[in-house]
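Participant: Let me begin by handing over the structure; questions about it come next.
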């Protein structure tokens, strides 16, 4: 960090355009960027005045794999605690795995998402990074999941998915609320995939990562000369998403001007790009997400009430992972199976003790944090199964539970046994939740569900009809 308090990152890359892009993105969050075109220059920089004040190193993978790994090892040998981030193409995750094994802190997939870069840089300053405390990894597993592939059996979670699945076939706006990392974007992707618009694009905009004075232009476009710096015509994301779905993440961060324009578009289907004389039309389905209760922003006067009710025609809340700890075993195995498909990685088991440890943690970063922890453990694991020793940061924060007691049975099992007044729930309600849990756990394979529940398929289908449960429960 510089004497003025500005944070400093060294970008190792020889492409001027990439240097300008990273420097501009980093500057938004108060980072100063210095540059090195090659490994030799980078090592030399470490001994300079600026080099001694570095907070992080960012390596763009334009060099050979061997050279990148050798550079990381050399930097770690000279500055052991200096965080190193790797930029890698989405098609070359293998080098990122090698880089992490050589000592890299994290990697990001190109093209760079501004909020991901800033989050990764800011995470290097967290006091927990020095001790390896749950550093957030970014953009590791990008495959889109359908509703049938989303793992989770807790009643509240399945209820939210059921709402989303039912609404997917319509063009009504959907508002998804939930803490960061619970999987709002995953649900939005599943909505798009299950909709009649699935053959068209899903366009994602993180409203919190775009300066408030640029968000209107980013969404709705502008004409050449519309404002200072508008040197060319720009087509906005609404046009990009025409015929498809526009996912507005962190929609509560929209400026008031952008809120008014979005409301007008939702009402009329038309919008006016900045500097344009005539309105344009676009057929776009809006799915919005918020990390907090958007109604609270309405009450605070920072979000328009009329826009809130336009977006909130279909509303669902994704519960945090700490409220569905019973999902962790199935979710962990599912994530590990996806991680194993990444280049340089392999199938790994997980011991009962390690799984108990994961279930005992409260996961403030939710599913995203669980995925990141599993990914890092899989990268560094030398055995055939993950053990408690592969999760040192989680172990340092957690006292594993042994036998669940009555106080936490509701939370750990994913099935609520008691009402709020302390009395047992009706048997039919409990049985319905257990069947839903089994369907989710075995991903809708009804023969397996029946076998594991110890009943015949005909009996299972009869119970589904009697209890009003669908096969996608």
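Participant: Give the residue that is nearest to the chain's Cα centre (by Cα), with candidates limited to residues of the range 54-92 that are closer than 15 Å to residue 36 by Cβ and assigned to a loop (DSSP other than H, G, I, E, B).
Facilitator: 61
Participant: Here is a follow-up. For the range 324-333, name all the residues that are in contact (Cβ under 8 Å) with a residue 24 or more places away in the chain and surrounded by fewer than 19 Cβ atoms within 10 Å (Cβ to Cβ).
Facilitator: Within the range 324-333, 329, 330 meet the criteria.
Participant: Among the residues of the range 226-262, write down those that are free of Cβ contacts under 8 Å to residues at least 40 places away in the same chain, within 27 Å of the chain's Cα centre (by Cα), surrounded by 14 or more Cβ atoms within 10 Å (Cβ to Cβ) and more than 11 Å from residue 204 (Cα to Cα).
Facilitator: 236, the sole residue that qualifies.
Participant: Right, here's the next one. Report whether or not residue 389 is modelled with pLDDT of 70 or more, under 23 Å from residue 364 (Cα atoms) and under 33 Å from the mean Cα position of the chain (by Cα).
Facilitator: It is true that residue 389 is modelled with pLDDT of 70 or more, under 23 Å from residue 364 (Cα atoms) and under 33 Å from the mean Cα position of the chain (by Cα).
Participant: Shifting gears a bit: Take the residues in the range 280-294 that are outside any strand (DSSP E or B) and in contact with a helix residue (DSSP H, G or I) (Cβ under 7 Å, 6 or more places away or on another chain), then tell me which one is farthest from residue 364 (Cα to Cα).
Facilitator: 282
Participant: Could you tell me which of the residues 454, 383 is exposed (fewer than 15 other Cβ atoms within 10 Å of the Cβ), farther than 20 Å from residue 350 by Cα and at pLDDT 60 or above?
Facilitator: Only one candidate qualifies: 454.
Participant: Hey, another quick one. Given the structure, is residue 430 surrounded by 12 or more Cβ atoms within 10 Å (Cβ to Cβ), at pLDDT 80 or above and touching a strand residue (DSSP E or B) at 6+ places or on another chain (Cβ under 9 Å)?
Facilitator: Taking the combined requirement at face value, the residue satisfies it.
Participant: Is it true that some residue in the range 23-34 is in a helix (DSSP H, G or I), outside the structural domain of residue 377 (by TED's automatic domain parsing) and in contact with a strand residue (DSSP E or B) (Cβ under 7 Å, 6 or more places away or on another chain)?
Facilitator: Yes, the range 23-34 has at least one match.
Participant: Is one or more of the residues making up the range 17-24 at pLDDT below 90, surrounded by fewer than 20 Cβ atoms within 10 Å (Cβ to Cβ) and in contact with a helix residue (DSSP H, G or I) (Cβ under 8 Å, 6 or more places away or on another chain)?
Facilitator: no
The values are calculated or read from the model by the stated rules, or taken from the named source; none is laboratory data. Predicted, not measured: the structure shown is a model, and the values here were computed from it. In this analysis, Cβ positions are derived from the backbone assuming ideal geometry, glycine residues included, and neighbour counts consider all displayed protein chains.
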